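What follows is a short report on a single structure.
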Amino acid sequence: GKHVSCSQTGDKVQVTEVEADKSDADGLAKVTSGLAALNLKLPPPAKFSKFCLPEAQIGLDHSPKLFGAKSTNIVQVRKTLPDWVLTPKSAVVPFGVFEKVLDAPENKDVAAEYHRLVDKDLPNSKEPLHVLARLKDQIHRLRAPADLEKEVKGALVESGIIMSGELEGADWNEAFTALKGVWASKWNDRAYFSCKKANIGAQHVQMAVLVQRLVEADYAFVIHTKNPFNEESGEMYAELVVGLGETLVGNYPGRALGFAMNKDGSGDPKVTSLPSKSVGLFGGGLIFRSDSNGEDLPGFAGAGLYDSIPMVKNEHRTLMYHKEPLVVDKGLSDKVMRGVCKVAADVEKAMGGVAQDIEGCYKDGKFYVVQTRPQV
C-alpha cells in the first residue's frame, strides 16, 4: 500500500501520495495536538439511582445527570416539533446501572476478572485489541439481578413501549443480551483508541442506554442540517438508504442516496450520489441505543463510537434498484427528499437554531426522528 494525504475542498476530496514517515508523523501530530488542546474531561461519575427511568422522568432539568443528550434531546424535541414529525416513545437505563449490575453478588467472579483486565492487563498490554475483546466477553457473562428485570419492564410499560406481559422468558433474555451489547461497546476498538488519543480514560466512560421501539422503516436517513461539504448553513445534506438505518450508520458496503437542498425549500434537491448498497435491513422490535457521557463532550466526535443494538435480528434482503420505488418513481423520491429537508429545518428550529445531526426514517408516508444531537 501507499501513504496518502487527504484534504477536502468544498464537496471534493484531494488525495495526494506522500512519504511514509512524513504522513505518519504529520497525521499523528495533528490528531494528538488537536485533541490535547480540547482539554476534555468527563463529568463526575453518576451514582446508581434506578435500574430504568420511564419517559416522564427524562428531561433537561433532571438532577443529577443520569443520561446523555441523546435521551434528553429526543424527548425534548417532541415537545416543540410540529405534529407531522413523529418520534418514538423512550425509556432509559441510566448511568450507574452497569456498575451496579457488575457489583451484584451473582456477578462476583465476572467483576473480579473485569477489574483485573481494566487495571492490570489493558495498561500493560502490547496487544490491546485482545484485552478489549476479553472485556466485552466478560460483560456478556453478566447475570441480571431480579430488580433490573422488574424495573426495566415496568418503565417500558409505563412509557407505552411494550404491553404488560411482554418480554417474558426468552424475549427478556434477548433484551438483556442487547442491553449488555451496548454496555460492552464501551470497549469497541475505535472508542478505546479515540478516548486514548483524547486523554480520556475509557474505563471512566459511563453508558446509559436509550430503549425505543424500532420503526419498521421503508427508508432511513441521516441529516446534517448544515452542509458539511461547503459549510453552507442555509443548505442541508442528507443520505438515504432502503430499509433500516444500520446499513447507513454501520458502514455497510455501497453508497446511499446523497443529496443537498436549501432548507427553506426553494429549488430542487441536488443529488450527489445514487444508492448502491446491495443489502437492506428490515424488522421491528425493541432497539437499545448507546447514550454515553463521552458522546456529549464538546469537540469530541463521540457519535458512532458506541453501538445501538436491536433486540431481534433484522432480516437481510438483496436490493433490486431497477424495481425500487425510491429510484424509479420520481414523484416518490422528490416527496421523500423534500420531506427530509423539511425535517431538517423543523428539527433545527426546535433545537434553538443549532445545527443538528439527525437520524430518522420514513414509513407509510410518515416521517420519524429517532435521535438528534448538535452537529460536530
## Note on the structure
Picking from W187, W172, the residue that is more than 22 Å from P374 (Cβ to Cβ), among the aromatic types (F, W, Y) and within 21 Å of the chain's Cα centre (by Cα) would be W187
## Note on the structure
Contact list, first residue from region 186-214 and under 12 Å from L297 (Cβ atoms), second anywhere and among the hydrophobic types (A, V, I, L, M, F, W, C) and assigned to a helix (DSSP H, G or I), beta-carbon distance below 6 Å, six or more apart or interchain, is C195/A202; A198/L35
### Query
Can you tell me which residues in region 224-238 are touching a residue at least 12 places away in the same chain (Cβ under 8 Å) and either crowded, with 24+ Cβ neighbours inside 10 Å or part of a loop (DSSP other than H, G, I, E, B) (or both)?
T225, K226, N227, P228, F229, N230, S233, G234, M236, A238
### Query
Would a scan of region 239-248 turn up a residue that is open to solvent by 10 Å² or more (accessible area, probe 1.4 Å), part of a helix (DSSP H, G or I), within 30 Å of L102 (Cα to Cα) and touching a strand residue (DSSP E or B) at 6+ places or on another chain (Cβ under 8 Å)?
yes
### Query
Does region 122-166 hold any residues that are in contact with a helix residue (DSSP H, G or I) (Cβ under 7 Å, 6 or more places away or on another chain), within 28 Å of N188 (Cα to Cα) and in a loop (DSSP other than H, G, I, E, B), and which are they?
S125, R141, L142, R143, A144, P145
### Message
The conditions are (1) in a strand (DSSP E or B); (2) touching a helix residue (DSSP H, G or I) at 6+ places or on another chain (Cβ under 8 Å), and Y321 fails exactly one of them. Which is it?
### Response
(1)
### Task
Quick one: count up the residues across region 177-211 that are out of contact with any Ser or Thr (no Cβ under 8 Å at 6 or more places or on another chain) and either open to solvent by 30 Å² or more (accessible area, probe 1.4 Å) or part of a helix (DSSP H, G or I) (or both).
19
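Looking at region 76-85, can you tell me whether even one residue there is in contact with a Pro (Cβ under 6 Å, 6 or more places away or on another chain) and either assigned to a helix (DSSP H, G or I) or surrounded by 12 or more Cβ atoms within 10 Å (Cβ to Cβ) (or both)? Even if it seems obvious, please write down each step before you answer.
Within region 76-85, the subset in contact with a Pro (Cβ under 6 Å, 6 or more places away or on another chain) is none.
Within region 76-85 (the criterion being in contact with a Pro (Cβ under 6 Å, 6 or more places away or on another chain) and either assigned to a helix (DSSP H, G or I) or surrounded by 12 or more Cβ atoms within 10 Å (Cβ to Cβ) (or both)), the answer is no, since none of the residues qualifies.
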### Query
Could we say that N251 is open to solvent by 30 Å² or more (accessible area, probe 1.4 Å), under 30 Å from P44 (Cα atoms) and in a loop (DSSP other than H, G, I, E, B) here?
no
### Query
Does L281 meet the test of being open to solvent by less than 20 Å² (accessible area, probe 1.4 Å), over 17 Å from L210 (Cβ atoms), at pLDDT 95 or above and touching a helix residue (DSSP H, G or I) at 6+ places or on another chain (Cβ under 6 Å)?
yes
### Message
So L148 ticks every box in (1) in contact (Cβ under 8 Å) with a residue 60 or more places away in the chain; (2) surrounded by fewer than 17 Cβ atoms within 10 Å (Cβ to Cβ); (3) not polar (S, T, N, Q) but one. Which box is left unticked?
### Response
(2)
### Query
Could you count how many residues in region 212-223 are of a type in the set (G, A, S) and open to solvent by 30 Å² or more (accessible area, probe 1.4 Å)?
0
### Task
Give the residues of region 301-315 that are surrounded by 15 or more Cβ atoms within 10 Å (Cβ to Cβ) and of a type outside the set (G, A, S), sorted by residue number.
L305, Y306, D307, I309, P310, M311, V312, N314
### Query
Quick one: would you say M236 is closer than 30 Å to L257 by Cα and not small (G, A, S)?
yes
### Query
How many residues does region 324-376 hold that are surrounded by 15 or more Cβ atoms within 10 Å (Cβ to Cβ) and among the small types (G, A, S)?
7
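The values are calculated or read from the model by the stated rules, or taken from the named source; none is laboratory data. Worth saying up front: this structure is predicted, and the values here are computed from it rather than measured. Neighbour counts run over all protein chains shown; Cβ positions are idealised from the backbone, glycine included. For accessibility, only protein heavy atoms count, side chains too; no ligands or nucleic acids. Shrake-Rupley method; radii C 1.70, N 1.55, O 1.52, S 1.80 Å.
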